[in-house]
């Protein structure tokens, strides 16, 4: 939600100009102004995530702690998300990546070859990294995955 000094954990006041205000003075107008300023610096997706976090904090402040009458964030329009990417990796790119990893299509004898095999498996099956890293055993032990250790 702004620049955080990793050493001290303090948030830059330039990033949160309303930090000095009383909670009761933070309304939809103040939050909309902050949103617009953030959109000049980070992507709409980042602003949406920051708004989710801020909304949770303001909800607790209003409902549980009664520090404010209501959470003003639901009155602020969230930035629209850009269209999803539809690009798929091309055959030429796949070949160049596997070649760079030393994959010969035969043996898996190095960590780079294990990465290449996992890469190809992910492309063929559309599996995500979490699914690839789960321990899997086939019925006949044709293959076994343990943290990308392929045998």
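In this entry, residue 73 is excluded by the filter for residues that are within 30 Å of residue 119 (Cα to Cα) and in contact with a helix residue (DSSP H, G or I) (Cβ under 8 Å, 6 or more places away or on another chain). Restricting attention to the stretch 91-109, does a residue exist that is assigned by TED's automatic domain parsing to the domain that holds residue 133 and touching a residue at least 40 places away in the same chain (Cβ under 8 Å)? The answer is yes, given that some residue of the stretch 91-109 is assigned by TED's automatic domain parsing to the domain that holds residue 133 and touching a residue at least 40 places away in the same chain (Cβ under 8 Å). The requirement of being under 23 Å from the mean Cα position of the chain (by Cα), in the same structural domain as residue 23 (by TED's automatic domain parsing) and either crowded, with 16+ Cβ neighbours inside 10 Å or without any contact (Cβ under 8 Å) to a residue 60 or more places away in the chain (or both) is not satisfied by residue 126. Mind checking which residues of the stretch 116-144 are modelled with pLDDT of 75 or more and at positive phi? Once the filter is applied, which keeps residues that are modelled with pLDDT of 75 or more and at positive phi, the stretch 116-144 yields only 126. Among residues of the stretch 19-46 being in contact with a helix residue (DSSP H, G or I) (Cβ under 7 Å, 6 or more places away or on another chain) and under 15 Å from residue 81 (Cα atoms), the one that is surrounded by the fewest Cβ atoms within 10 Å (Cβ to Cβ) is 39. A residue that is modelled with pLDDT under 95 and part of a helix (DSSP H, G or I) can be found somewhere in the stretch 5-18.
For the stretch 97-106, a residue qualifies if it is surrounded by 10 or more Cβ atoms within 10 Å (Cβ to Cβ) and either out of contact with any helix residue (DSSP H, G or I) (no Cβ under 6 Å at 6 or more places or on another chain) or assigned to a loop (DSSP other than H, G, I, E, B) (or both), and the qualifying residues are 97, 99, 100, 101, 102, 103, 104. Among the residues of the stretch 53-96, those that are at pLDDT 95 or above, part of a loop (DSSP other than H, G, I, E, B) and surrounded by 14 or more Cβ atoms within 10 Å (Cβ to Cβ) comprise 71, 72, 76, 78, 79.
The values are calculated or read from the model by the stated rules, or taken from the named source; none is laboratory data. A quick note: this is a predicted structure, and the numbers were derived from the prediction, not measured. So basically every Cβ, Gly included, is an ideal-geometry build from the backbone, and we count neighbours across all protein chains shown.
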